[in-house]
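Shown next, in structure tokens, is the structure this report addresses.
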Amino acid sequence: RDTRLVDPSGEARSIACVAGMNQHVVKPLFDRERRRLVVFDDHVVRVLDADTLSATTPRSLLDVPVANAPECRAAGLSPSGRRLAVYEQQDDGGRVTVYDVDRGVQRAALDLPTKLDDITPLDDDETLVASLDYGQGPVAIDLATGKRRWQFDGERDDRLATAYDWAWSPDSMRFAVGRERPTLYSWPARESIELAETGYYRAKCMVFSADGTRLAASCDGTNVVYRI
């Protein structure tokens, strides 16, 4: 249930404890440049300064208590790390709240009739990228109206494409989505870019290298690195 920081020697120590939330659905997330980290600590969604993770007590940039709210199921940082979105699920849908991390103020709130899995607010303060219940998408949701701006359709009429994870390249020119196999698109046009076939599937985690020339995908326990 702990979020652990592992140093180069392999030694691990706890920096957060997911005691007050569902440990099977919430997960720690970095921003694009890995300067800020979202953790779930007891009944608080916390944004940590990644430059202080080695300290005994890492510096928190924003704390969002969720103890008295409906079940918190996800949170996400915008690519720049300046916005935090928190998703609280209800029986008939859920609520997304977006915060300004630097100023500590709420920027937007939206009630949705659809349940979500993962979320990423964009830095325009207008758009939420999310996967729908059971890993469908991703879709772009207008934070003012709740309407979809775009989506990735699936092969079946009754559901969207599968989406386990996604990430933007450091230059924001590419958008990687973990599906039954890793996929890559141009951004913001979302035109498909071919990746080599490796035979590994179910890409649950997508990470670009700092210079954007490599893309790592975790596929059912096997890590695959692509040259971009």
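Side notes on the structure shown:
- The conditions of being within 28 Å of SER192 (Cβ to Cβ), in a strand (DSSP E or B) and acidic (Asp, Glu) are met by ASP117.
- Selected residue (only one of ALA108, ALA67, ALA55 is among the small types (Gly, Ala, Ser) and within 24 Å of PRO138 (Cβ to Cβ)): ALA108
- Residue among ASP220, ASP211 that alone is surrounded by fewer than 12 Cβ atoms within 10 Å (Cβ to Cβ) and closer than 18 Å to SER172 by Cα: ASP211
- Considering segment 128-167, and only residues there that are touching a residue at least 24 places away in the same chain (Cβ under 8 Å), surrounded by 13 or more Cβ atoms within 10 Å (Cβ to Cβ) and in a loop (DSSP other than H, G, I, E, B), the residue that is nearest to the chain's Cα centre (by Cα) turns out to be TYR164.
- Against the test of being surrounded by 13 or more Cβ atoms within 10 Å (Cβ to Cβ) and in a loop (DSSP other than H, G, I, E, B), the options VAL39, VAL25 yield a single qualifying residue, VAL25.
- Restricting segment 157-214 to residues that are touching a Ser or Thr at 6+ places or on another chain (Cβ under 7 Å) and basic (Lys, Arg), the residue that is farthest from SER80 (Cα to Cα): ARG179
Each reported figure results from applying straightforward, stated rules to the coordinates on display, with no laboratory input. Note that the coordinates shown come from a computational prediction; the quantities given were computed from them, not determined experimentally. Note that each Cβ is placed from the backbone with ideal geometry, even for glycine, and that neighbours are counted across all protein chains shown.
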